[in-house]
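Read the structure below first, then the notes.
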Amino acid sequence: RGRIFSGMQPTSDSLQLGNYLGALTQWVALQEVHDAIYCVVDLHALTVGPDPAVLRERTRRTAAQYLAAGVDPARSILFVQSHVPEHAELAWLLSCHTGFGEASRMTQFKDKSAKQGTEGTTVGLFTYPVLMAADILLYDTTLVPVGEDQRQHLELTRDLAQRMNARFGAGTAVVPEAHIVKATAKIFDLQDPTAKMSKSAESPNGLIELLDDPKVVAKRIRSAVTDAEREIRYDPVAKPGVSNLLTILSALTDRPVAALEADYAGKGYGDLKKDLAEVVVGFLTPFQERVHHYLADPTALDDVLAEGAERARALAVPTLERLYDRSGLLPRR
Ligand code: TYM
């Protein structure tokens, strides 16, 4: 059995379909055959400067969406990052092994800091990938299920693990692998199908949020950007809009894209959109009911998270001790 770790930032009231198809469905599948640890990364969310009450609410909402998607706390460890202080401690250690230039080359940092300017960019945003590496290495993780946009951060994590091993001896850190499922690694914006679907998109019309009103979602799918042809064919370069709709339909129905192309031979974009809207709404309606069920009892939810934090901590403490010891920090007695 491998050890899985992954997390999402509680930076929005709702996860979006890219989070679900790119990561969350993988999490649920992987927990069946691996030891899985799933985290709400609230420390990472601090980099966007959230309102405290909003952050608290979003942290619970994110956890509720993990549960509603099928993350099973009887199988997997489900917890909130700040409840396990070892994440922040390991991040410091790793930051002393991360090059300034290396961190400056992270494309997500470059994009975000370019938008915010040097004064508006915090040191936390700069060291964000180091905290992410700490999340992963703290559990001797072997496999990290994420979408394509996290690939570079995973590479940095692997480099840091290898650097620790070269410096302090084999077995200091476990070198993790990214688990990125090609078909759904990048779900695109419905209005701009060359950009990834993201909660920070310019227009909300290209976004499908899991907790959106199903009527709004259906409307957004019906107005998705396609192209001037008629043919329903998977061709991400020439037909990014239609290909994205096929990807989503395929993932939600478990039907291969080639079979869908055959199903829609001779049919129009309107048919595809109508069917996709039906499938998405059919998925969202019970999903939202489950989320609201979990949110209706915050005490029970907090109990699940507390138990998860305790189990996570039992794994994190020995790893941090090993890394501290190998680094030459005097053992506590
Ligand atoms: P975050 O919160 O931005 O996104 C959560 C997960 O969703 C994936 N994702 C997508 N996949 C496909 N298509 C899309 N349009 C799409 N948008 C988002 C992301 O790749 C991610 O897997 N840094 C991470 C959170 C994190 C983490 C970790 C992940 C912190 N520590 C340790 C793994 C392991 C992030 O910001 O994800």
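When ligands, DNA and RNA are left out and all protein chains stay put, how many square angstrom of accessible area per residue does the stretch 267-333 have with a 1.4 Å probe?
With the other protein chains kept in place, the stretch 267-333 gives 61 Å² per residue.
What is the sum of charges, Lys and Arg at +1 and Asp and Glu at -1, for the other residues whose Cβ falls under 12 Å from the Cβ of residue 152?
Charge balance in the 12 Å sphere: -2.
Spelling out what I want: for every residue of the stretch 206-215, take phi, set θ = phi - 60°, compute 6.51 cos²θ - 1.76 cosθ + 1.60 (Karplus), and round to whole Hz; glycine and proline get x.
For the stretch 206-215, the Karplus curve yields x, 10, 10, 8, 5, 9, 5, 4, x, 5 Hz.
About the Cα centre of the stretch 48-183, how large is the charge dipole given +1 on each Lys and Arg Cβ and -1 on each Asp and Glu Cβ? Please answer in debye to the nearest 20.
The dipole of the stretch 48-183 has a size of about 180 debye.
Of all the accessible heavy-atom surface of the chain, with the other protein chains kept in place and a 1.4 Å probe, what percent is carbon and sulfur?
53 percent
What dipole magnitude, in Debye to the nearest 20, does the stretch 228-333 give about its Cα centre under +1 on Lys/Arg Cβ and -1 on Asp/Glu Cβ?
500 debye
Using θ = phi - 60° and the Karplus relation 6.51 cos²θ - 1.76 cosθ + 1.60, list the HN-Hα couplings for the stretch 110-117 in order, rounded to whole Hz, with x at every Gly or Pro.
These are the phi-based 3J(HN,Hα) values: 4, 4, 5, 6, 5, 5, 9, x Hz.
Mean residue ellipticity at 222 nm from the helices of the chain, using -39,500 (n - 2.57) per DSSP H segment of n ≥ 4 over the full residue count, to the nearest 500 deg cm²/dmol?
About -17000 deg cm²/dmol.
How large is the Kirkwood hydrodynamic radius of the stretch 100-231, counting all unique pairs of alpha carbons, in Å?
In the stretch 100-231 this quantity evaluates to 17.4 Å.
Rolling a 1.4 angstrom probe over the protein heavy atoms, how many square angstrom per residue are accessible across the stretch 130-227?
For the stretch 130-227, the per-residue accessible area is 43 Å².
Tell me, what is the per residue accessible area of the stretch 24-123 in Å², probe radius 1.4 Å?
Here the per-residue accessible area is 46 Å².
Select from 207, 277, 68 the residue farthest towards the positive end of the dipole of the chain; place +1 on Cβ of Lys and Arg, -1 on Cβ of Asp and Glu, and compute about the Cα centre.
After comparing all options, I get 207.
Which of these, 74, 306, 224, has the largest mean-square fluctuation under a Gaussian network model of the chain (Cα springs below 10 Å)?
74
So what are the stretch 229-331's ellipsoid semi-axes, whole angstrom, largest first, if each one is the square root of 5 times an eigenvalue of the alpha-carbon gyration tensor?
For the stretch 229-331, the ellipsoid semi-axes come out as 47, 23, 9 Å.
Hey, can you grab everything whose amide H is under 5 Å from the amide H of residue 235? Only 5+ residues off in sequence or another chain; H modelled, so Pro and N-termini drop out.
So residue 235 has HN proximity to 243.
Return, for the Cα atoms of the stretch 133-185, the radius of gyration and Dmax in Å, separated by a comma.
Radius of gyration, then largest Cα-Cα span, for the stretch 133-185: 11.5, 38 Å.
Taking amide H positions as placed 1.01 Å from N in the peptide plane, with prolines and chain starts having none, which residues 5 or more places from residue 40, or on another chain, fall under 5 Å of its amide H?
It is 79, 80, 81, by chain and number.
Select from 270, 241, 70 the residue whose mean-square fluctuation is largest in a Gaussian network model of the chain (Cα-Cα springs shorter than 10 Å).
The residue that fluctuates most here is 270.
Search the structure for amide H atoms under 5 Å from the amide H of residue 16, placed 1.01 Å from N in the peptide plane, and list their residues when 5 or more places away or on another chain.
210
At q = 0.14 Å⁻¹, what base-10 log of I(q)/I(0) does the Debye formula yield for the chain when every alpha carbon is treated as an equal point scatterer in vacuo?
Debye curve over Cα of the chain, log10 I(q)/I(0) at q = 0.14 Å⁻¹: -1.15.
Could you go through the stretch 65-72 in sequence order and give the Karplus-derived ³J(HN,Hα) for each residue, using 6.51 cos²θ - 1.76 cosθ + 1.60 with θ = phi - 60°, rounded to whole Hz, and x for Gly and Pro?
6, 4, 4, 5, 6, x, 5, 10
For the stretch 271-332 and the stretch 83-104, write down the distance between their C-alpha centroids in whole Å.
The stretch 271-332 and the stretch 83-104 have Cα centres separated by 22 Å.
The values are calculated or read from the model by the stated rules, or taken from the named source; none is laboratory data. All values reported here derive from a predicted model rather than from experimental measurement. FYI the Cβ positions are ideal-geometry reconstructions off the backbone, even for glycines, and counts take in every protein chain you see. What goes into the accessible areas is simple: the full protein's heavy atoms, side chains included, and nothing from ligands, DNA or RNA. Shrake-Rupley method; radii C 1.70, N 1.55, O 1.52, S 1.80 Å.
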